[in-house]
1. Would you mind working out the magnitude of the charge dipole of the chain relative to its Cα centre, with +1 at each Lys and Arg C-beta and -1 at each Asp and Glu C-beta, to the nearest 20 Debye?
2. Determine the sum of side-chain charges near P110: Lys and Arg each +1, Asp and Glu each -1, restricted to other residues whose C-beta is under 13 angstrom from that of P110.
3. D for region 235-280, whole µm²/s, Stokes-Einstein with Kirkwood Rh over alpha-carbon pairs at 20 °C and 1.002 mPa s: what number?
4. Could you state the angle between the C-alpha long axis of helix 229-248 and the longest principal axis of the C-alpha atoms of the chain, as a value from 0 to 90 degrees rounded to the nearest 10?
5. Over the chain, with a Gaussian network built from C-alpha contacts below 10 Å, which listed residue (D170, D142, D76) shows the highest mean-square fluctuation?
6. Tally Lys/Arg at +1 and Asp/Glu at -1 over every other residue whose Cβ is under 14 Å from the Cβ of I254; what's the total?
7. Give me the orientation-averaged projected area of the Cα convex hull of the chain, in nm², one decimal.
8. Round to the nearest 0.05 the FRET efficiency obtained for A233 and D170 when R0 = 30 Å and r is the Cβ-Cβ distance.
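Where a number appears in this text, it was derived from the coordinates with a stated rule and is not lab data. Quantities reported herein were computed from a predicted structural model and do not represent experimental measurements. Positions of Cβ are generated from backbone atoms using ideal geometry, with glycine treated the same way; all protein chains shown enter the neighbour counts.
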Amino acid sequence: MRSQICSSSEVSFLMEAHDGLSAAIAERAGFKGLWASGLSIASSLGYRDANEASWSQVVGVVERIVDSSRLPVLVDGDGGFGNFNNARLLARKLRQCGAAGVALEDSCYPKTNSLVGHRHPLADVDEFSGRLRAVKDTVADDLILVARIESFIAGHELDEALSRAHAYADAGSDAILIHSRRSAADEIFAFTRAWQNKLPVVIVPTKYYRTPVSAYRRARISTVIWANHSMRAAIAAMRHVCNRIIAEENTASIEPNIATLDEVFELLRYDELARAEAHYLLHPPDSGQ
Ligand code: SPV
Ligand code: MG
């Protein structure tokens, strides 16, 4: 489980999930781990990624994601929804619902998504380290703790990111997520060169998506998160189908391009339910009684 979320030997991928269905689809595609994305979960609930969804709403969605696949789930815990106390409460609940890890970012509450706008105040290093220590003291090794550094997002230079990485490592983190919103991965590679893999490095190449994964392997990056692509694919597909039905007042032309009902039943394992009915019900539906 730990090796899928952050190992230093071979790069691993985490695919975004924002509900049970997207989790099941990612597992079928062959991903070995999931990222419960704050942006994607918020968007699917109709919220903005600005702590509009409460921590308990996020935990409720994570529960469905965990239950819908056998994959380890790294949860985007934002900044922990407050101070050290909120962060450790969140971590305890995530452990209870079976998450494999939590990523906490050094943002201030309420946060703003890293890729929107220009207001990204950073948390004080010592205060944020206290949030990390509180989480580690609460869940120990039952939950992988990823410390996420937002200093490039906030416009700071490499030295700020590095000194934060050292402080967060000292606070007990298992891995460092270094984030960048540039269209090239120069900030990321500057960090990995200087950091020398003191802890495994996790990245989110949403903006620098043209960089090949071979470059991440060379930089000994541990984990690549494809953070929002199922959610964005769903938006494009749903918009397309809605527009076509409005225009054509008919679904004949879209049928070949959407999932069949059999695919839905297969993904959600209706066959298992039929077998369970035969096994447990006194009068199963197909028994003719
Ligand atoms: C998320 O997926 O919610 C993330 C990554 O935190 S980002 O949207 O780039 O902040
Ligand atoms: Mg997020």
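1. Using Cβ point charges on Lys, Arg, Asp and Glu, the chain gives about 740 debye.
2. That sum, taken over residues with Cβ under 13 Å, equals -1.
3. Taking Rh from Cα pairs, D becomes 168 µm²/s.
4. Helix 229-248 sits at roughly 40 degrees to that axis.
5. D170
6. Value of the local net charge: -1.
7. Orientation-averaged projected area of the Cα hull: 18.4 nm².
8. Plugging the Cβ-Cβ distance into 1/(1 + (r/R0)^6) gives 0.15.
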